[in-house]
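**Q** Sending over a structure as structure tokens; questions will come in a sec.
Values in this text are rule-based calculations from the coordinates and carry no lab data. Quick caveat: nothing in here was measured; it's all calculated off a predicted structure. Note that each Cβ is placed from the backbone with ideal geometry, even for glycine, and that neighbours are counted across all protein chains shown.
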Amino acid sequence: MKTLAHCQQLDAIDPLRSLRHLFSIPENIIYLDGNSLGALPKATAECLNQVVTRQWGQGLIRSWNDAGWFTLPQRLGNKIAPLIGANADEVVVTDSTSINLFKVLSAALNCVNCIFQPIVDGISG
């Protein structure tokens, strides 16, 4: 049977213990909910504030280039690639397949004076 003293000993030697101060966790709370967003990293609030007030609020459309929004899908993909066994530049983070199909089909349907040529390959099906 695990006792409070045993748990406190384990907590004292936990290699992640020193990271608790990086998160906004209310006092006297032990947060173990692994299927949620998790505890809020303190740096996230500042980052969001910077994105909203400076990049979006002041940079406006320039932030697509100045803040690197345009290349973000590739940069995020490069960070995820080693986690899933892929090489750099083989992963891109985008909307879901359904959303991307909706966007491309919406653009096609709204196209004025466009010539549509369906493309079908031999491996579809």
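**Q** For the chain, return all DSSP H helices satisfying: extent of Cα atoms along own axis at least 30 Å; mean Kyte-Doolittle hydropathy at least -1.0.
**A** Span-like helices in the chain: none at all.
**Q** Within straight cross-link reach of LYS103, meaning Cα distance under 24 Å, which lysines are found once same-chain residues fewer than 8 apart are removed?
**A** LYS103 reaches no qualifying lysines.
**Q** Okay, moving on. Hey, of [x] -0.52; [y] -0.57; [z] -0.95, which did the structure itself give for log10 I(q)/I(0) by the Debye sum over Cα atoms at q = 0.13 Å⁻¹ when calculated?
**A** Step by step, log10 I(q)/I(0) by the Debye sum over Cα atoms at q = 0.13 Å⁻¹ for this structure corresponds to label [z].
**Q** If you don't mind, there's one more thing I want to ask. If I take all pairs of Cα atoms in the stretch 71-111, what percentage of them are more than 13 Å from each other?
**A** 58
**Q** Chymotrypsin sites (Phe, Trp or Tyr not before Pro) within the stretch 17-88: which are DSSP loop residues with at most 12 other Cβ atoms inside 10 Å?
**A** TYR31, PHE70
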